[in-house]
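A.B. asks: Just dropping this structure here.
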Amino acid sequence: MKKKIKVIGGLICAAAILASAPFVIYLKALPAAVSNPNVIKFVKNSAHKYAGVDLEIKNPVLKTSLSPQISFKTDEIQISKDDLKMFSAQNLDTEISFKEIFQKRIIVNKFGIDYIFADVNKLMSLAPAQTETKKQESDWDVDLYDSVLSLKKSLILYELEPGTNIKLQADNLNVDNTQKIQRFVHFDIDTEIKKGNKILHFAIADKDRVLIKNKQLIVDDCVLDINKSNVHINALASKKDGMSVELSSKKFKVQDVTDIVGSNIIINNGSEMLSFFKDMKGDFDFNIKLNKNAVNGVVNLNNLALKLVPLSDMPLTLTQGKALISSNDIQFKDIQGFHGKQKSNKISIEGIIKDYVKSCDTDVTIKTVATNEFA
């Protein structure tokens, strides 16, 4: 009888050990492995062998607990190749909760980094070539609503196309989590797009005008500077309803528009659209509303002076007019002005540009009166 009890007791102990083994691995073995120098060395050697890169991981620390959350810290993660740095993240500090994993939701409690550097093109070169497949939406959700997010400094480099380089610096990014009712989103973002000798400069800072409230992102008159002009942004975004944005500006510089359009960065055939004009200057007001279904806007011309290249650089001055913008077309209405040097050389313009994003199919009617200036 005693022997049977010992056998049963032994089986119970063995079962208990087997049952507890996953917890021991999760609570003790896994954190110890992450910080183990031999494991780190193995990961570094594997990265060099299979990806041809040098990987540095300094002081990684993984913490687990009986609660369904893990945290990970490291002083630095760096990827380089041929002595050229491709990626660096300094003082990474994260905490993730899996309490709703059965609902396919991962909750990010904390995500903080002191500094990020990334050369996007070099990183993309590491990815294997992939055949184009139909994109499928994931039913997994990453919840950042109550997260403590921070990024002190960053530098992102990206070559959009040969000769067109983007430099993005995003500093002082953080979500103020001290209030649960509403939380301010802070950022200071500076972007430079350089193509040849042309430079486009974009800058935006929150100035306490961006916040999260009732699971919505609210932007209240945040200002985006574009070269010497600015755009006022009002927006409302949520996962349920998508995003709606209103963009407006007063006396936006025509030169800033020609710099953007002529760069071909936003509109592929932008330089072709401008090839008939030169020495453009002036300003205009606009108000444009965008949502997931449509684009609607109006541009009111204050003044515009330019030269018409096909007509031997003939001067053209426009003093009023508007453009009505929809998702596909731009309609010109009541555009008035004069050509040459005399105001008596009146001109009026009506018309439409169809499919302006792709083909730029133009149908414009110009009415004019010529005086003895051209005799």
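A.B. asks: Amide H of LYS322: which non-local residues (sequence gap of 5 or more, or other chain) have their own amide H closer than 5 Å, using H built in the peptide plane?
C.D. replies: LEU301, LYS333, ILE335
A.B. asks: Full extension from ASN234 to LEU217: what is 0.36 nm times the residue separation minus their Cα-Cα distance, to one decimal in nm?
C.D. replies: Full-extension gain reported as 5.1 nm.
A.B. asks: List the trypsin sites (Lys or Arg not before Pro) within the stretch 172-228 that fall in a DSSP loop (any state other than H, G, I, E or B) and whose Cβ has at most 14 other Cβ atoms within 10 Å.
C.D. replies: In loop regions of the stretch 172-228 (DSSP not H, G, I, E or B), the sparsely surrounded trypsin sites (Lys or Arg not before Pro) are LYS180, LYS207, LYS215, LYS228.
A.B. asks: How many nm is it between the label spots at SER65 and LYS104, if each spot is 7 Å from the Cα in line with the beta carbon?
C.D. replies: 3.0 nm
A.B. asks: Additional query: Volume per residue, Å³, of the convex hull around the alpha-carbon atoms of the stretch 255-375? If you can, show how the numbers build up before the last one.
C.D. replies: Values: hull volume 12.6 nm³, N = 121.
So the per-residue Cα hull volume is 104 Å³.
A.B. asks: Given the Cα-Cα distance of GLU350 and ALA127 and 0.36 nm per residue of separation, how much length would full extension add, in nm?
C.D. replies: 75.3 nm
A.B. asks: Step through the residues of the stretch 317-324 one at a time and calculate ³J(HN,Hα) from phi using the Karplus curve (6.51 cos²θ - 1.76 cosθ + 1.60, θ = phi - 60°), rounding each to whole Hz and writing x for Gly and Pro.
C.D. replies: 10, 10, 10, 7, x, 8, 10, 9
A.B. asks: Let me ask something additional. With a bin width of 5 angstrom, please list the P(r) values of the stretch 30-106 as percents of all Cα-Cα pairs, from the 0 bin to the one holding the largest distance.
C.D. replies: 3, 14, 19, 20, 17, 13, 10, 3, 1
A.B. asks: Something else: Would you mind counting up the charge near ALA203? Only other residues with Cβ under 14 Å from its Cβ, with Lys and Arg at +1 and Asp and Glu at -1.
C.D. replies: After counting each charged neighbour, the total is -4.
A.B. asks: Can you give the FRET efficiency for LYS152 and ASP75, using 1/(1 + (r/R0)^6), R0 = 22 Å, r = Cβ-Cβ distance, to the nearest 0.05? Display every interim value, and only then the final one.
C.D. replies: Values: r = 14 Å, r/R0 = 0.66.
That pair, LYS152 with ASP75, gives E of 0.90.
A.B. asks: Modelling each spin label as a point 7 Å along the Cα-to-Cβ direction, I'd like the LYS343/ASN328 distance in nm, to one decimal.
C.D. replies: 4.1 nm
A.B. asks: Enumerate lysine pairs in the stretch 254-375 that are 8 or more residues apart or on different chains, then count those whose Cα atoms are under 12 Å apart.
C.D. replies: 5
A.B. asks: Could you derive backbone 3J(HN,Hα) for the stretch 100-114 from the dihedral phi with the Karplus parameters 6.51, -1.76 and 1.60 (θ = phi - 60°), listing whole Hz in sequence and x where the residue is Gly or Pro?
C.D. replies: Ordered by residue, 3J(HN,Hα) equals 10, 5, 6, 9, 6, 10, 10, 9, 8, 6, 8, 8, x, 9, 6 Hz.
A.B. asks: What list of ³J(HN,Hα) values in whole Hz, one per residue of the stretch 306-311 in order, does the Karplus curve 6.51 cos²θ - 1.76 cosθ + 1.60 (θ = phi - 60°) give from phi, with Gly and Pro shown as x?
C.D. replies: So the J values, rounded to whole Hz, are 7, 10, 8, 4, x, 10.
A.B. asks: Within the chain, what's the longest run with no chymotrypsin sites (Phe, Trp or Tyr not before Pro) in a DSSP loop and at most 15 other beta-carbon atoms within 10 Å? Give the range, please.
C.D. replies: Formally, the longest exposed-site-free interval is 146-275.
A.B. asks: Counting each DSSP H run of 4 or more residues in the chain as -39500 (n - 2.57), what helix-only mean residue ellipticity at 222 nm follows after dividing by all residues, to the nearest 500 deg cm²/dmol?
C.D. replies: -5000 deg cm²/dmol
A.B. asks: Ok, one more. Report Rg (one decimal) and Dmax (nearest whole number) for the chain, counting Cα atoms only, units Å.
C.D. replies: 29.7, 127
A.B. asks: Once label points are set 7 Å from the Cα along Cα→Cβ at both LEU160 and LYS180, what is their separation, rounded to one decimal in nm?
C.D. replies: 4.4 nm
A.B. asks: Might you report the magnitude of the Cβ-based charge dipole of the chain about its Cα centre, with Lys and Arg at +1 and Asp and Glu at -1, to the nearest 20 debye?
C.D. replies: Rounded to the nearest 20 debye, it is 1580 debye.
A.B. asks: What are the trypsin sites (Lys or Arg not before Pro) within the stretch 304-375 that DSSP puts in a loop, where the Cβ has at most 14 other Cβ atoms within 10 Å?
C.D. replies: Listed in order of number, the matching sites are LYS341, LYS343, LYS358.
A.B. asks: Right, next: Say a site is exposed when it is one of the GluC sites (Glu not before Pro), sits in a DSSP loop, and has at most 13 other Cβ atoms within 10 Å; what is then the longest site-free stretch of the chain?
C.D. replies: 138-375
A.B. asks: Which helices pass in the chain if a helix is a full DSSP H run, must span at least 30 angstrom along its long axis by Cα, and must have mean Kyte-Doolittle hydropathy not below 0.0?
C.D. replies: Helix filter hits for the chain: 2-24.
A.B. asks: So, one more: Assuming R0 = 51 Å, what is the FRET efficiency of LEU311 and SER244, from their Cβ-Cβ distance, to the nearest 0.05?
C.D. replies: With R0 = 51 Å, the Cβ-Cβ based efficiency is 0.75.
Values quoted throughout were computed directly from the atomic coordinates according to the rules given, and no laboratory measurement underlies them. All of these numbers come straight from a predicted model, not from anything done at the bench. Neighbour counts run over all protein chains shown; Cβ positions are idealised from the backbone, glycine included.
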